[in-house]
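Novice: The following block contains the structure, expressed as structure tokens.
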Amino acid sequence: MFLSQLRGELRKLFARRRTYLGYVVFIVFEVLILTLWVKVGREKVAELAERNLIPMDQLYSSLTSTYWIMGGGMFLLGSIYFALVGGDIVAKESEDGNLRMVLSRPVSRLRVLLLKYFAVIIYTVTFVIFVGITGYGMSVLALGTGGGLCVWNPNLYILSVYPGWGEGFTRLFVGACFMGLSMCVVSSLAFFFSCFKMKPAAATIMALSVFFIDFVLQNMPFLRGVKHVFITYRMENWAYLLQEEIPWARIVESYAILSGLNISLFIVGWMVFQSRDFKT
Amino acid sequence: MLRIENLEKRFAGKIALKGISFEVKRGVIHGLLGHNGAGKSTTLGIVLAMISADGGEVFIDDVSVQKEQARALRKVGAIFEAPSFYDYMSGWENLKVLVGLSGKFDHGQALDIVERVGLSDRIHSKVGAYSHGMRQRLALAQALLPEPEVLLLDEPTDGLDPEGIKWFRDFIVNLRNERGMTVLFNSHLLSEVELMCDRVSIIREGELVFEGDVNDLRDDRLGFKISAEPMDVLKSVVEEFDGEWLTESRCLFPPEHQVANVVERLVGAGAKVHEVTPVRRSLEDVYLEFSKESSCS
């Protein structure tokens, strides 16, 4: 029964136009970044390739451009849409009065929240995968299928080159899945605020504020020594999957922390939601 | 079927309900009457577990709503004053999503209910394009799916046109007559309660001030009016029976006197009696009486 109810929740989520806003913006973003990559980037990339002794066809490839689309766009742009959907999921229904209809049915509040939370998580993960697939598809159209993967992340001190398409693709695919899990933190934050008695826009803004404050602090040079305490640092750890020697212990630790945070946000949100009165 | 025991609720320190208790028997349409803000919707909200009670308990078929919410509400359907559906989805999709929360969605049963509420033609249109009356019909359809035994109605006829109100009233009464549905009908419209309900509870400022049978209230006579002439005979009888002048030839006599005695005295004195009308207390009279009593106290 849970699955059929979840289908209903997803039907509601994907019947709303604003759910698709993120998809449209990312398609535009992908077109823009690829146009610039082709028109302006080629020379710069050649320069970079020569300076770092990396073969041009590994740096200037569809896999590499997909990496830039995902890595560059998801944190700052994707988080907006995850916060928007997560912030809406409870607060918008509460504001519109739909929740009264839902809660008049013989269903517990915990189940209602679980359905909504799962729907948001599914949206988040599938959105990241969607960006990966469309980003790669467009990159192939623009640059062709060949070439390897070159990963450069100065924040995590990663510079890796995978000359073969197979390994590059596998690494990027697994990385994208973990990136999806990382982005669930933004959705969980927005979901958490959405459980309070507040406007959906307020829940979205609160979630983004927490996320961006954490991101800004994490990037402060004087806080570099304690960056492991910041959520956004832990979220970035998906990129370690693209490092030649994968630091599994660090990845497991980070995702355990993120999972714990997600569960805690859900439980506290549920407790708040459970104690609320729904009145006209 | 529905038992409300000693409900208490405060909102930000302000008392909303003061120990409300009443019972709705199976197959009865029970009206919950009161001013706006009297505590009707709060009571209904607690019955549906949307509002937590500070004290007291609600039982539906002996299952506590506070302790076993999902099980207790399995037999309940509810409609609100302004039902909020997902406007961007069709009526049918709304039904699927909402009814799916109670269990399996039965297409055949849903089609039957949709036809009964008269929404077959528009059920696949977006709810955003529905009129208020159509939304109420859809709300009724969702409340009747899968098969509730208790229907909770929170001012459902507000905003409907007279034709819509009559349709709604007839539909609910038919449900009670045909299926033995138990109904708790929340309203501030006395006429609706009077026309539809078997029993009524009156709430004022969070307190239950009256509970009783609607017919008993209506039959509770205030007296009788008599129209007769000549005036001098009428005048003497008015004085003798503590009557009250209404017009030159019409008088109101209190209920403690028998109609037959007054008429006999008039006819015996040579008067012509044109009309004798019993004056009954309307629900409005009762409501205003209890409202006044309670505000005085």
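Novice: Identify all residues within the range B:245-289 that are closer than 10 Å to B:Phe224 by Cα, assigned to a helix (DSSP H, G or I) and of a type in the set (S, T, N, Q); write none if there are none.
Specialist: None; the set is empty.
Novice: If you go through the range A:50-68 one residue at a time, do you hit one that is farther than 19 Å from A:Gly137 by Cβ, within 14 Å of chain B (Cβ to nearest Cβ), touching a helix residue (DSSP H, G or I) at 6+ places or on another chain (Cβ under 6 Å) and surrounded by 15 or more Cβ atoms within 10 Å (Cβ to Cβ)?
Specialist: Checking the range A:50-68: not a single residue is farther than 19 Å from A:Gly137 by Cβ, within 14 Å of chain B (Cβ to nearest Cβ), touching a helix residue (DSSP H, G or I) at 6+ places or on another chain (Cβ under 6 Å) and surrounded by 15 or more Cβ atoms within 10 Å (Cβ to Cβ).
Novice: Which ones in the range A:159-201 are in contact (Cβ under 8 Å) with a residue 60 or more places away in the chain and over 20 Å from the mean Cα position of the chain (by Cα)?
Specialist: A:Leu159, A:Ser160, A:Val161, A:Tyr162, A:Pro163, A:Trp165, A:Gly168, A:Cys195, A:Phe196, A:Lys197, A:Met198, A:Lys199, listed by residue number.
Novice: If I filter the range B:104-144 down to residues being in a loop (DSSP other than H, G, I, E, B) and among the aliphatic types (A, V, I, L, M), which single residue comes out as nearest to the other protein chains (Cβ to nearest Cβ)?
Specialist: Step by step, filter the range B:104-144, then rank; the result is B:Leu144.
Novice: Which residues, taken from the range A:95-113, are assigned to a helix (DSSP H, G or I), touching a residue at least 60 places away in the same chain (Cβ under 8 Å) and either at the interface with chain B (Cβ under 7 Å from one of its Cβ atoms) or of a type outside the set (D, E, K, R) (or both)?
Specialist: Result: A:Leu99, A:Arg100, A:Leu103, A:Leu110, A:Leu113.
Novice: Among (1) touching a residue at least 24 places away in the same chain (Cβ under 8 Å); (2) of a type in the set (Lys, Arg); (3) over 23 Å from B:His188 (Cα atoms), where does B:Arg10 come up short?
Specialist: Only one criterion in (1) touching a residue at least 24 places away in the same chain (Cβ under 8 Å); (2) of a type in the set (Lys, Arg); (3) over 23 Å from B:His188 (Cα atoms) is unmet by B:Arg10, namely (3).
Listed here are the residues, each with its yes/no results for (1) among the aliphatic types (A, V, I, L, M); (2) in a helix (DSSP H, G or I); (3) within 11 Å of chain A (Cβ to nearest Cβ).
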| site | (1), (2), (3) |
| --- | --- |
| B:Gly19 | no, no, no |
| B:Ile51 | yes, no, yes |
| B:Gln66 | no, no, no |
| B:Asn94 | no, yes, yes |
| B:Val99 | yes, yes, yes |
| B:Ser102 | no, no, yes |
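Novice: Does B:Ala70 meet the test of being surrounded by fewer than 19 Cβ atoms within 10 Å (Cβ to Cβ) and not in a loop (DSSP other than H, G, I, E, B)?
Specialist: It is true that B:Ala70 is surrounded by fewer than 19 Cβ atoms within 10 Å (Cβ to Cβ) and not in a loop (DSSP other than H, G, I, E, B).
Novice: Are there any pairs with C-beta distances below 9 angstrom linking a residue in the range B:32-48 that is more than 10 Å from chain A (Cβ to nearest Cβ) and touching a residue at least 60 places away in the same chain (Cβ under 8 Å) to a residue that is in a loop (DSSP other than H, G, I, E, B) and of a type in the set (D, E, K, R), with the two at least 6 apart or on different chains, and if so which?
Specialist: Correct list of pairs: B:Gly34/B:Glu205; B:His35/B:Glu205; B:Ala38/B:Glu205; B:Gly39/B:Glu205; B:Lys40/B:Glu155.
Novice: Out of (1) among the charged types (D, E, K, R); (2) touching a helix residue (DSSP H, G or I) at 6+ places or on another chain (Cβ under 7 Å); (3) surrounded by fewer than 14 Cβ atoms within 10 Å (Cβ to Cβ), the odd one out for B:Glu244 is which?
Specialist: (2)
Novice: Right, here's the next one. May I ask you to list pairs of residues, at least six apart or on different chains, whose Cβ atoms are under 8 Å apart, with the first in the range B:146-167 being more than 11 Å from chain A (Cβ to nearest Cβ) and closer than 20 Å to B:Met50 by Cα and the second being in a strand (DSSP E or B) and aromatic (Phe, Trp, Tyr)?
Specialist: Here the result reads B:Leu153/B:Phe185; B:Pro156/B:Phe185, each pair linking the range B:146-167 to a residue that is in a strand (DSSP E or B) and aromatic (Phe, Trp, Tyr).
Novice: One residue is enough: does the range B:72-90 have a residue meeting the conditions touching a residue at least 12 places away in the same chain (Cβ under 8 Å) and away from every other protein chain (no Cβ under 11 Å)?
Specialist: no
Novice: Follow-up. Here are some residues: B:Glu163, B:Glu147. Which one is surrounded by fewer than 18 Cβ atoms within 10 Å (Cβ to Cβ), in a helix (DSSP H, G or I) and among the charged types (D, E, K, R)?
Specialist: B:Glu163
Novice: Does any residue in the range B:182-208 that is touching a residue at least 40 places away in the same chain (Cβ under 8 Å) come within less than 8 Å, Cβ to Cβ, of a residue that is assigned to a loop (DSSP other than H, G, I, E, B) and acidic (Asp, Glu) six or more places away or on a different chain, and which pairs are these?
Specialist: So the pair list comes out as B:Thr182/B:Glu149; B:Asn186/B:Glu155; B:Ser187/B:Glu155; B:His188/B:Glu155.
Novice: Filter the range B:5-57 down to the residues that are within 13 Å of B:Ile203 (Cβ to Cβ) and in contact with a helix residue (DSSP H, G or I) (Cβ under 7 Å, 6 or more places away or on another chain) and list them by number.
Specialist: B:Leu7, B:Lys9, B:Ala16, B:Leu17, B:Ile20, B:Gly31, B:Leu32, B:Leu33, B:Gly34, listed by residue number.
Novice: Now, a different point. Looking at the structure I just gave you, is A:Val161 outside any loop (DSSP other than H, G, I, E, B) and in contact with a Gly (Cβ under 6 Å, 6 or more places away or on another chain)?
Specialist: No, not satisfied.
Novice: Being crowded, with 17+ Cβ neighbours inside 10 Å and within 30 Å of A:Ile89 (Cα to Cα) is the filter here, so list the residues in the range A:222-250 that pass it.
Specialist: A:Phe230, A:Ile231, A:Thr232, A:Tyr233, A:Arg234, A:Met235, A:Glu236, A:Asn237, A:Trp238, A:Ala239
Throughout, read-outs are computed from the coordinates displayed, never taken from laboratory work. Every value quoted in this text rests on a predicted model; they were computed, and no experiment measured them. Cβ atoms come from the backbone with ideal geometry, glycine included; neighbour counts cover every protein chain shown.
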